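Have a look at the structure below, then the notes.
The values are calculated or read from the model by the stated rules, or taken from the named source; none is laboratory data. Quick caveat, the model's predicted, so the values are computed rather than measured. FYI the Cβ positions are ideal-geometry reconstructions off the backbone, even for glycines, and counts take in every protein chain you see.
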Amino acid sequence: MDAERWLAMELSAPGKPLQAAWRERLPQPGPGQLRIAVACCGVCRTDLHIVDGELPFPGRPLVPGHEIVGRVAALGAGVQGFAIGQRVGVPWLGYTCGACEDCRAGRENLCPQARFTGWQIDGGYAEQVLADARFAFALPARYTDEQAAPLLCAGLIGWRAYRMAGLAARRIGLYGFGAAAHLLAQVARHQGREVYAFTRPGDAPAQALARELGAAWAGGSDEPAPVELDAALLFAPAGSLVPLALAAVRRGGTVVCAGIHMSDIPSFPYALLWGERRLVSVANLTREDGVQFLRVAGEFELRVHSVPYALADAQRALDDLRAGRFAGAAVLRVAAR
Ligand SMILES: [Zn+2]
Ligand SMILES: [Zn+2]
């Protein structure tokens, strides 16, 4: 038995089930890279969009996973600020050019050359991963590996969506109460805001979790909001929610679409948008979003409702996410082999 042998769960083509792929040699970090022994990797809805072919397939087998928590196992040439054995997190944003107009203007999330972990760059559904050290984060010590994983996308991108709602937003609606919303609900409560949670109609476990985490109200997305909202964050990938959310926010309010993929938005009367309501999307994250969110997450104890799966069961985790079979965030336990 080769001591270097390690497992990755690979997607060979969209729509195919993930397959166990055994690698025979440990990957060598190039200049500026870390090799990370993965401890846990969160399962994000974006992984589902990649696996289901709703995002363009890069044309070669890939390893999904962009909520990676692990320990630095090898340092490439020139890496600064990391040590062997240190715990690190790797998010969705895996590379930017640093030179284009967007990068220079603080919008690296929109860099046309950007590459993403678990899509163009092999991700964390694996025992080993390579990452550009400039895009890796130190993690707040108060969270276990399993708790920290969902912070890296559900938390970070949720945070970017939340910031886009504006500081003045007091009453915030969260549509789709899954991994991102269950974290952001707590951040919003911590910052003195009111949370209204909209779930799939009849999803009692998600509604119970929302109330437990401090939501003032929880109900189905087919129910009218009990109050006029200042902002609505859409984490569910259903375009039909957009007119409903616009109808629920007050004049001057904001609706933020936080997902990378959404079904078509049905046409709606202009009156829903009129009154200076704003409809915006959130794309990816910047490293600054990560720094800010992880600082906030270090300030108080976020309760992370993670649902564990073994690495080899990654496909089942994706299937359960697609079917809405759990409340909270699925996390692959990788190191426990
Ligand atoms: Zn750029
Ligand atoms: Zn994600």
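Key figures
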| item | result |
| --- | --- |
| Pairs, first in the same structural domain as ASP145 (by TED's automatic domain parsing) in region 308-323, second among the aromatic types (Phe, Trp, Tyr), C-beta under 8 Å, six or more apart | LEU311/TYR125; ALA314/TYR125; ARG316/TYR309; ALA317/TYR309; ASP320/PHE326 |
| Whichever residue in region 173-204 is over 19 Å from the mean Cα position of the chain (by Cα) and of a type in the set (A, V, I, L, M, F, W, C) and, among such residues, is nearest to ALA225 (Cα to Cα) | VAL195 |
| Condition met for PHE268 (within 27 Å of ALA329 (Cβ to Cβ) and of a type in the set (Phe, Trp, Tyr)) | no |
| Test for VAL291: is it more than 16 Å from ligand 2 (Cβ to nearest atom) and in the same structural domain as LEU139 (by TED's automatic domain parsing) | yes |
| In region 243-270, the residues that are assigned to a helix (DSSP H, G or I) and touching a helix residue (DSSP H, G or I) at 6+ places or on another chain (Cβ under 9 Å) | PRO243, LEU246, ALA247 |
| Number of positions in region 112-150 that are assigned to a loop (DSSP other than H, G, I, E, B) and acidic (Asp, Glu) | 2 |
| Residues within region 101-124 that are touching a Cys at 6+ places or on another chain (Cβ under 6 Å) and touching a residue at least 12 places away in the same chain (Cβ under 8 Å), tallied | 3 |
| Residue satisfying all of: in region 42-79; assigned to a strand (DSSP E or B) and aliphatic (A, V, I, L, M); nearest to PRO31 (Cα to Cα) among these | LEU75 |
| Count - residues of region 310-337 that are in contact with a strand residue (DSSP E or B) (Cβ under 9 Å, 6 or more places away or on another chain), assigned to a helix (DSSP H, G or I) and surrounded by fewer than 24 Cβ atoms within 10 Å (Cβ to Cβ) | 6 |
| Residues located in region 27-75, provided they are surrounded by fewer than 18 Cβ atoms within 10 Å (Cβ to Cβ) and among the acidic types (Asp, Glu) | ASP52, GLU54 |
| Checklist (1) of a type in the set (S, T, N, Q); (2) surrounded by 13 or more Cβ atoms within 10 Å (Cβ to Cβ); (3) assigned to a loop (DSSP other than H, G, I, E, B) applied to ASN109, failing item | (3) |
| Residue tally, condition part of a strand (DSSP E or B) and of a type in the set (D, E, K, R), over region 165-213 | 2 |
| GLY202, sole failed condition from (1) out of contact with any Gly (no Cβ under 7 Å at 6 or more places or on another chain); (2) on the phi > 0 side of the Ramachandran plot | (1) |
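For every residue, the table says whether it meets (1) touching a helix residue (DSSP H, G or I) at 6+ places or on another chain (Cβ under 9 Å); (2) free of Cβ contacts under 8 Å to residues at least 24 places away in the same chain.
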| position | (1), (2) |
| --- | --- |
| TYR162 | yes, no |
| GLN186 | no, no |
| ALA206 | yes, no |
| GLU212 | no, yes |
